[in-house]
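Please read through the structure below; I'll follow up with questions.
The values are calculated or read from the model by the stated rules, or taken from the named source; none is laboratory data. Model, not experiment: these values are computed from the prediction. Because the Cβ atoms are built from the backbone with ideal geometry, glycine has one as well, and the counts that use them run over all protein chains shown.
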Amino acid sequence: MDGIKQDAARLVLMNPGPVVVDERVRQALLQPDLCHREPEFSQLMTRVREKITRACGGDDLYTAVIFTGSGTAALEAALTSVVPPDGKILIIDNGYYGERLLKIVSIHGIPHEHLQFEWAEQIDLKVLDRVLAKDGAISHVCMVHHETSTGMLNPVHDAGKVVSARMRSLIVDAVSSLGGEDLNVKRDQIDICIATGNKCLEGFPGISFVCLRRALAETLKSVPPRTFYLDLYSQYVAEEIDRSPAFTPAVQTLYALDEAIDIMLEEGIERRSARYRLLAGRLRAGLMDLGLRIMVPENQRSNTLTAVHLPDGVNYENLHDELKAAGFIIYPAQATLKGKLFRLANMGRITEQDIDEFLRALQESVIRLAAKAP
Ligand SMILES: *Cc1c(COP(=O)(O)O)cnc(C)c1O
C-alpha cells in the first residue's frame, strides 16, 4: 500500500484508536497558524461538517456538529441534549461501552431504562420491541454499534426498523464503527449518530462529532441544557447558523481530519471496510493457527477488533511488553475480562505485512513466556 512510511521506529498500534495515520494526515498538521474566528476556519469547519455528514450516509436532511474532545465528549453531548425532561431513554447494553452510556445518563439524572444483556450476548430485538410497546414514556433508544470491549457488531439496521416502527428516536454510538463497518444513518433510520476522528476515520485524537437529522436539531431548542460546554443545540446554532465554533476548537486536529476524510472518500468507505475485513480475517486465521480462542462467534464479529483469550500461563503485562519491544502495541481487556483476554484492533494504516509480522512476534513471545512460566 502506498502512503505508508517505512520507518524502523514505527510502532504498529493495535489498540482501537488512536491509530497509525497516513503521512498526508500527519503533514496536514503543519498548516499555517489560524484564528478560529477567521473566515478560513469557518470554511474548514463547514467543509469537515459536510464531509462527516456524507461519511455517515446523510443527505441534506442531516447535519453534523463537531466537538473538541474525545468520542465520549460527543456522546455525552448527545445524551444530555436530546432527551426532554418528560422523556425517557432506553439504554441497550451488551458490553463495557453500553455500560458507559448508562453511566452518562445516570450522572446527569436523565430518566432512563436499562435493557441489559450479558457481555457479547446478542441483542434480542424482540425484547426491545416488547419494551417499547409496553413503556410509552420511552422517547429515545441508545445503543452501541460496535462493542469495542468484545469486538461484537450489534444489529443497528434491524434495531432501526424496530425503533422507527415504534416512532421513537434512535441514537447510535458509532465511535468505533464509522468508517470500518457498513453504516448509513438514512438507510438504518438513525436519528443521532456519534463518532470520532481518531478511529476508523484515521485522523488524530481531539475531534468528535454528532451527525443528526436537521429537523431534530431544530427541536433541541425546547430541551433545557444540562451542561454548558456540551450543549448540542447551542453548538449546532454556533456551527450551522453563525458558522463559527462555540469555543476554541482543536484547529490543527481539524486540518488533519479534513485530510483524513478526503483519504477515506478517495479510498471509498466500502473499500475501507473491505480492507479492514481482510486484515481482520488474516489476523484471526493466524490466531487460530496458533491455537488461540476468539471470544465472539464468527458471524457477529466486527471488521476491526478481535478479543482473544490469553494463552495458558501467559500474563498480559508480560505479553504486552514483549510485543512492544517487537514494535506492536496490544490492548488489555476491560472489567471482568481483564487478565483473561486481550484485544487486537486492525484500524488505521496497518498492512498485511504488519499482521504477518505481528503473528510471528506473537508466536515467539508466547513460546518464550510459556517456557518461563512456573
Ligand atoms: C472509543 C470508544 C468510545 C469513546 O472513547 P474516547 O476515549 O472518549 O474516544 C465510545 N464508544 C465506543 C464504542 C468506543 O469504541
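For segment 60-94, what are the residues that are β-branched (Val, Ile, Thr), more than 22 Å from Arg187 (Cα to Cα) and outside any strand (DSSP E or B)?
Thr72, Thr80, Val83
Let me ask another. Could you tell me whether segment 289-303 includes any residue that is outside any helix (DSSP H, G or I), closer than 30 Å to Asp33 by Cβ, touching a residue at least 12 places away in the same chain (Cβ under 8 Å) and in contact with a Ser or Thr (Cβ under 6 Å, 6 or more places away or on another chain)?
no
For Gln122, indicate whether it is farther than 19 Å from Glu50 by Cα, among the polar types (S, T, N, Q), free of Cβ contacts under 8 Å to residues at least 24 places away in the same chain and in contact with a strand residue (DSSP E or B) (Cβ under 9 Å, 6 or more places away or on another chain).
no
Here's another thing I want to ask about it. State the number of residues belonging to segment 339-368 that are within 20 Å of Gly180 (Cβ to Cβ) and touching a residue at least 40 places away in the same chain (Cβ under 8 Å).
The number of residues fulfilling the criteria is 13.
Tell me whether segment 66-73 contains one or more residues that are more than 12 Å from the ligand (Cβ to nearest atom), aliphatic (A, V, I, L, M) and on the phi < 0 side of the Ramachandran plot.
Yes, the conditions are met somewhere in segment 66-73.
Is there a residue being touching a strand residue (DSSP E or B) at 6+ places or on another chain (Cβ under 6 Å) and either among the acidic types (Asp, Glu) or at pLDDT 95 or above (or both) anywhere in segment 262-276?
No, the conditions are met nowhere in segment 262-276.
Quick check on segment 87-107: of everything there that is in contact (Cβ under 8 Å) with a residue 40 or more places away in the chain and away from the ligand (no atom under 14 Å from the Cβ), which residue is farthest from Ser177 (Cα to Cα)?
Of everything passing the filter in segment 87-107, Gly87 is farthest from Ser177 (Cα to Cα).
If I ask for residues that are within 22 Å of the chain's Cα centre (by Cα) and either β-branched (Val, Ile, Thr) or in the same structural domain as Ala335 (by TED's automatic domain parsing) (or both), which ones from segment 108-131 would you list?
The answer is Ile123, and nothing else.
Conditions first: (1) more than 12 Å from the ligand (Cβ to nearest atom); (2) buried (at least 24 other Cβ atoms within 10 Å of the Cβ). Lys199 passes all but one, so which condition is the exception?
So the condition that Lys199 fails would be (1).
What's the number of the condition Phe228 fails, among (1) more than 12 Å from the ligand (Cβ to nearest atom); (2) aromatic (Phe, Trp, Tyr); (3) in contact with a helix residue (DSSP H, G or I) (Cβ under 6 Å, 6 or more places away or on another chain)?
Failing condition for Phe228: (3).
For every residue, the table says whether it meets (1) in a loop (DSSP other than H, G, I, E, B); (2) hydrophobic (A, V, I, L, M, F, W, C).
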site: Val20; (1), (2): yes, yes
site: Val25; (1), (2): no, yes
site: Pro32; (1), (2): yes, no
site: Cys35; (1), (2): yes, yes
site: Phe41; (1), (2): no, yes
site: Glu50; (1), (2): no, no
site: Thr53; (1), (2): no, no
site: Gly58; (1), (2): yes, no
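Which ones in segment 208-256 are acidic (Asp, Glu) and surrounded by 15 or more Cβ atoms within 10 Å (Cβ to Cβ)?
Selection gives Asp231, Glu239, Glu240.
Are there any pairs with C-beta distances below 8 angstrom linking a residue in segment 224-244 that is on the phi > 0 side of the Ramachandran plot to a residue that is among the small types (Gly, Ala, Ser), with the two at least 6 apart or on different chains, and if so which?
Arg243/Ser42
Contact list please: Cβ distance under 8 Å, first residue in segment 158-184 and under 18 Å from Tyr97 (Cα atoms), second residue more than 15 Å from the ligand (Cβ to nearest atom) and polar (S, T, N, Q), pairs at least six apart or on different chains.
Pairs that qualify, where the first residue is under 18 Å from Tyr97 (Cα atoms) and the partner is more than 15 Å from the ligand (Cβ to nearest atom) and polar (S, T, N, Q), are Leu170/Ser164; Leu170/Gln189; Gly180/Ser273; Glu181/Ser273.
So if I check each of Val48, Val82, Val25, which one is more than 20 Å from Pro205 (Cβ to Cβ), away from the ligand (no atom under 16 Å from the Cβ) and among the β-branched types (Val, Ile, Thr)? Outline the logic, then answer.
Values: Val48 fails: more than 20 Å from Pro205 (Cβ to Cβ); Val25 fails: more than 20 Å from Pro205 (Cβ to Cβ).
Just a single option satisfies the conditions, and that option is Val82.
Looking at Ile110 and the list (1) in a loop (DSSP other than H, G, I, E, B); (2) within 16 Å of the ligand (Cβ to nearest atom), which single condition is not satisfied?
All conditions are met except number (2).
In segment 125-139, how many are touching a strand residue (DSSP E or B) at 6+ places or on another chain (Cβ under 7 Å) and outside any helix (DSSP H, G or I)?
Count: 3.
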